[in-house]
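Following: one structure in structure tokens, then a few remarks.
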Amino acid sequence: MFSPKGSFRHGIHPPTGKDDTRDQPIRQFPFAPVLIVPLATMADHPARPLVVEGQRVQRGQSIAEPDGSMSVAMHAPATGVVRRIALAPTIEGKMLPAIFLEPFPASSQVITGGASCDTSASRDEVIEAIRNAGAVGLGGAAFPTHVKLAAARQRPVDVIMINGAECEPYLTTDHRVMLEHAADVVLGIRYLLKASGAEQAVVAIESDKTDAAHAIRSAIGDEASIRVQTLEVKYPQGAEKILIAAVLGRHVPSRGLPIDVGTLCFNVASAAEIGRCLATGSGLVDRVITVGGPPVRKKGNYRVPLGTPLRFLLETVGTDDDVEVVFLGGPMMGQSVSSLDIPIGKGTTGVIALGPSETAGIDRQRRHPCIRCGDCLNACPMFLNPSHLARLAEGGQYQAMAERHHLMDCFECGCCSYVCPSHLPLVQQFRIAKAALRR
Amino acid sequence: MLRRTLQLRPSPHLHSGASVEAIMMNVAFALLPACVFAVYHFGLAALTVLAVSVVTCAVTEHLICRMQNRPTTIGDWSVVVTGLLFGMTLPPSLPLWMVVLGGGIAVAVGKMLFGGLGANPFNPALVGRAFLQAAFPMAMTSWPSTSPDRFTSLPASTLAWPLMRPEQGPPATDGMSGATPLGLWKSEGIDTPLADLYFGSVSGCVGETGAGLLLLGGLYLIARRMMNWRIPLAILATVAMGSLIFTPLVEGRRFDPLAMLGSGGLMLGAMFMATDMVASPMTSLGCVLYGILIGALVLVIRAWGGMPEGVMYAILLGNAVSPLIDRWVQPRPFGPPARSVSP
């Protein structure tokens, strides 16, 4: 059934930039003076607050309940008092409702738990527990986990993918989580197997993390339903469709979802948090992120309370004075922020800063017309023609891009822009085109 | 700390470091061994032709940019490559005014008229050469014989005045005859030894006589991943295998594969002309088809054409077809197509 190849055609090999942080153990991050807990992990689906201004809350206590099928519960990341419920900035530039929480100076790191859910619970009970734990995809998209699992109620899933590829440069959070919390990961996988009805789980790990693969293998023991698959170190190996093809040999159709080929994808960090939360009955109150980039002093992997503002985070780790860019996620797909008042959210995998020498390196490059070298075609993992798409984009022919040239298959990995010797903004234009078409 | 205004930048925040300048500069470097050999082999005449060609091309591009009120584009090095390639396709004794005229046409008509870098449908150097071939067929097929004083004096024809009949140089008395290996092979049925073909002691255009050095330069570019190896491989393989088929087909002449590969402008054309990124297809399969087409055309012209050599026309025809190849051969996107009805 499987045709394990462990790699894919096209893609790129950017410098990994992981050496600074891959050996840094996860450290607990202190509480900020004010934590900003957004009510929504996805913009249009906020949760309903359960607390009022002035109310005291315990770390781990549920402070918002799911409202609508796409929303998940939120939990207090610290013991403290709710100062206000108001609009807070988000990375997209929108203002969205959030709970401003002021931790008590003596707020302890102990998380208040609730009723635990063991693996003998029914399938629906596990899905509901995952939703009440506030679990979303921690790989970046922050898509609610229970929504994926509910889809598996309608359509068969025989194998689930646990994504530990971590192909983005600089990021080492998944690596550390697998290494230090292998038991949580495996426990989480058991819950996910139960909730999805799948018979098998494959943990996919890039081959530069042999220690992590080893840790997971030891935690699995002789459990036949879970196996580890190592993959070539290549970007974007961890993209859902690419990963499924590399491990299972199944090709998700254009504009389709993994469930179309009988599988679901979960990030290893999501699995670890599900294992942790469901076993103790607590909710998601913090997450592991990589803080790095040349201007950052104490680079490393930190378990950061959700809602920690970027300013507090960067001031605590220390940076050079001349930080030019701060982005959330890895350098290939990470979004840069305009404000340091944005909080760390459930989907934040890393906070990376760049200084003037890094930005100048890119700004110095002169833009030229496309010389049709074809490098972008040989980099695109979706086998699109970025050069031709860019020509259409310049003429504003967005409809033609989508209808005849598969624009919507582009998942914005950025390989085309990375390789372009003319330094054309390829993926940048495709993003604009896709946004214009969605409207 | 963190006093600066943060920049909003779109991802990716990394770049491979590849640049048009680096590619073009490396192509120029890759051509240098063959150019140096040409100067050794043909003397001052080759040096003059190459220098005049490069300078003419660069000046033409610069002036046209100025006329268009836009910053000059000679800094991207592509015009240096065009200049070198154009000079390498000319007979070493060509009158310099023709070099200037052809170089101007190459850049003005072959490149700038279409919009400059990235917009030329044909290889500009070959456009210039095709113009000269049509306008001055005699001068373009007069080959000097190498003489011992080649480093001290220029052939009489080099400094001829425009549109005057060039003085005929003294007939070749020593050194080798003025005919090119392909000319000898086609009109007189004489084969040239392989060692001479690959290591240069033959007559021909400035840059086409050292097939071995051209191959070396091409391999350097392939190793640096600055050239699509599929194009030269397809051309050379087609010519080599086609030679075996053509021998029984064409009466009275033997198509020796290695001689076919090493003679005329084939190595220069396959390695450096046909691989002009702008005028060749973009997909891997497209490049292979394009190479096969050019290889086949080279053989057909060599077998039945009016002239001994046909690499130039073969590549120009290949350039003309490449947009069509690009239209036919598109990459097939990942995964099965989207279903028209969602479940």
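Both chains summed, the buried accessible area for B and A stands near 4900 Å², from protein heavy atoms and a 1.4 Å probe.
How large is the accessible surface per residue of the protein assembly as shown, computed with a 1.4 Å probe and reported in Å² as a whole number?
Dividing the accessible area of the protein assembly as shown by its residue count gives 40 Å².
Note that region B:248-258 has calculated 3J(HN,Hα) couplings of x, 6, 9, 6, x, 9, 9, 9, 7, x, 5 Hz, one per residue in order, obtained from phi through the Karplus relation 6.51 cos²θ - 1.76 cosθ + 1.60 (θ = phi - 60°); glycine and proline are x. If you take the square roots of the eigenvalues of the alpha-carbon gyration tensor of region A:190-297 and sort them as a ≥ b ≥ c, do you get rounded (a/c under 1.5), prolate (a/b over b/c) or oblate? Rounded, since a/c falls under 1.5. Using θ = phi - 60° in the Karplus curve 6.51 cos²θ - 1.76 cosθ + 1.60, the 3J(HN,Hα) couplings for region A:176-183 round to 5, 4, 5, 6, 8, 10, 4, 5 Hz; x is entered for Gly and Pro.
Note on the protein assembly as shown: with neighbouring protein chains present and a 1.4 Å probe, carbon and sulfur make up 60 percent of its accessible heavy-atom surface. Annotation: amide H-H contacts under 5 Å for A:ALA88 (H modelled 1.01 Å from N, sequence separation of 5 or more, or interchain): A:LEU96, A:ALA98. Per residue of chain A, the DSSP helices (runs of n ≥ 4 H) give a summed -39500 (n - 2.57) that works out to -8500 deg cm²/dmol at 222 nm.
For A:ARG287, nonlocal amide neighbours, meaning residues 5 or more places apart or on other chains whose placed amide H falls under 5 Å from its own, are A:VAL304, A:LEU306. Taking the DSSP beta bridges with both ends in chain A, the antiparallel portion is around 60 percent.
Alpha-carbon geometry of the protein assembly as shown: the Rg and the Dmax are 32.8, 109 Å, given in that order. Across region A:133-138, coupling constants 3J(HN,Hα) worked out from phi with the 6.51/-1.76/1.60 Karplus curve, θ = phi - 60°, read 7, x, 6, 9, x, 8 Hz, and Gly and Pro carry x. Judged by the mean number of other Cβ atoms found within 10 Å, the most tightly packed of the peptides A:57-69, A:193-205 leads the ranking A:193-205, A:57-69. Of the chymotrypsin sites (Phe, Trp or Tyr not before Pro) found in region A:1-61, those in coil by DSSP whose Cβ has at most 15 other Cβ atoms within 10 Å are A:PHE2.
The radius of gyration of the Cα set in chain B, together with its Dmax, comes out at 22.1, 86 angstrom. Rounded to the nearest 10 degrees, the inclination of helix B:211-223 to the longest alpha-carbon principal axis of chain B is 10 degrees.
Relative contact order for chain A: 19 percent, from Cα pairs under 8 Å spaced at least 6 residues apart, divided by residue count. One Cα centroid belongs to region B:266-343, the other to region A:178-247; the line between them spans 44 Å. A simple charge model with +1 on the Cβ of Lys and Arg, -1 on the Cβ of Asp and Glu and nothing else charged puts the dipole of the protein assembly as shown at about 1260 debye relative to its Cα centre.
Among the trypsin sites (Lys or Arg not before Pro) in region B:205-248, those placed in a DSSP loop whose Cβ has at most 16 other Cβ atoms within 10 Å are B:ARG224, B:ARG225.
Rounded to the nearest 500, what is chain B's calculated 222 nm mean residue ellipticity when only DSSP H runs of at least 4 contribute -39500 (n - 2.57) each, over all residues?
Mean residue ellipticity at 222 nm (helix-derived): -16000 deg cm²/dmol.
Region A:360-417 and region B:179-248 have Cα centres spaced 36 Å apart.
For chain B, give the magnitude of the charge dipole about the Cα centre (Cβ charges: +1 Lys/Arg, -1 Asp/Glu; no others), in debye to the nearest 20.
I would put it at about 1500 debye.
Out of all DSSP beta bridges with both ends in the protein assembly as shown, state the antiparallel percent to the nearest 5. So the antiparallel bridges amount to about 60 percent of the total.
Cysteines in chain A that lack a partner Cβ within the 4.7 Å cut-off: A:CYS117, A:CYS167, A:CYS265, A:CYS277, A:CYS370, A:CYS373, A:CYS380, A:CYS410, A:CYS413, A:CYS415, A:CYS420. Exposed loop sites here are GluC sites (Glu not before Pro) assigned a DSSP state other than H, G, I, E or B and surrounded by at most 15 other beta carbons within 10 Å; excluding them, the longest clear run of chain B is B:1-166.
Just to confirm my numbers, what's the Cα centroid distance between region A:321-356 and region A:121-172 in Å? If we compute the Cα centre of each part, the gap is 25 Å.
The values are calculated or read from the model by the stated rules, or taken from the named source; none is laboratory data. Given the structure is predicted, the values throughout are model-derived calculations rather than measurements. Note: ideal-geometry Cβ built from the backbone for every residue, glycine included; neighbour counts use all protein chains shown. With ligands, DNA and RNA removed, areas are computed over all heavy atoms of the protein, side chains included. Shrake-Rupley method; radii C 1.70, N 1.55, O 1.52, S 1.80 Å.
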